[in-house]
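To start, the structure under review is shown below, and the notes come after it.
Derivation of every value follows stated rules applied to the coordinates shown; laboratory data play no part. Worth saying up front: this structure is predicted, and the values here are computed from it rather than measured. Neighbour counts run over all protein chains shown; Cβ positions are idealised from the backbone, glycine included.
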Amino acid sequence: MKFGEKIKKLRKEKHITQAQLAEAVGLSSRAVQDYEIKGSYPKKRETYEALAGVLGCEVNYLLTEDEEFIAEAGEKYGYRGRRQADALIAQINGLFAGGEMPDEDKEYLAQAVQEAFWRAKLENKKYSKKG
C-alpha cells in the first residue's frame, strides 16, 4: 500500500476530513489531497511524524523503506533527487513484477540499487542541493 493510500485509510478510520487532518498537522488541504490523490510525499520527515501522531500509527508504517529512500533523496538533493529516486523505485518494481525471483533476492537487489544511487550522487555533486 502506497503512502497516500495509507493516509486516506487511516484518515477515514478516524472519521476526519482532509481539511481536518491538514489543520491538525499544520499543512494545507491541498497537501493532503496531493498525498492521497496524486501520490506525492511530504518534503520533511517531521511531517511524517506529525501525520503518524494525528492518525494514531507508527511513523514506520507510513515510511516504508522505498518511501524513506525517496524522502531522503529529496532532503539531500531536492526535487530532482526525489524524482530520480522515485523513478528508480518504479523501475525496480517493474523489473520485479511477475518475476520468478525470490523475495529475499528482490530485497537484496533493491538495497544494492539504492546504495549505487547514493554512491553516484556523492560522486556527481552537480545534482546536489545548493545552500
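Here is how the number arises for the chain: DSSP H runs of 4 or more residues each give -39500 (n - 2.57), the sum is divided by the residue count, and the result at 222 nm is -22500 deg cm²/dmol. Could you tell me which of 37, 48, 21 has its Cα farthest along the dipole of region 3-60 towards the positive end, charges placed at Cβ (Lys, Arg +1; Asp, Glu -1), taken about the Cα centre? The Cα lying farthest towards the positive end belongs to 37. Just check the chain against the gyration tensor rule for me: Cα atoms, a ≥ b ≥ c as the square roots of the eigenvalues, rounded for a/c under 1.5, and otherwise prolate or oblate depending on whether a/b exceeds b/c. Because a/c hits 1.5 or more and a/b fails to exceed b/c, the chain counts as oblate. Put a plus charge on the Cβ of each Lys and Arg, a minus charge on the Cβ of each Asp and Glu, and nothing anywhere else: the dipole of region 9-116 about its Cα centre is then about 760 debye. Overall shape: rounded for region 3-60, with the ratio a/c of the largest to smallest alpha carbon gyration tensor axis below 1.5. Summary of packing: across the peptides 31-43, 100-112, 13-25, the per-residue average of other C-beta atoms within 10 Å ranks them, highest first, as 31-43, 13-25, 100-112.
Note the angle between two axes, namely the Cα long axis of helix 103-123 and the longest principal axis of the Cα atoms of the chain, as a number of degrees from 0 to 90, rounded to the nearest 10. So the inclination is approximately 80 degrees.
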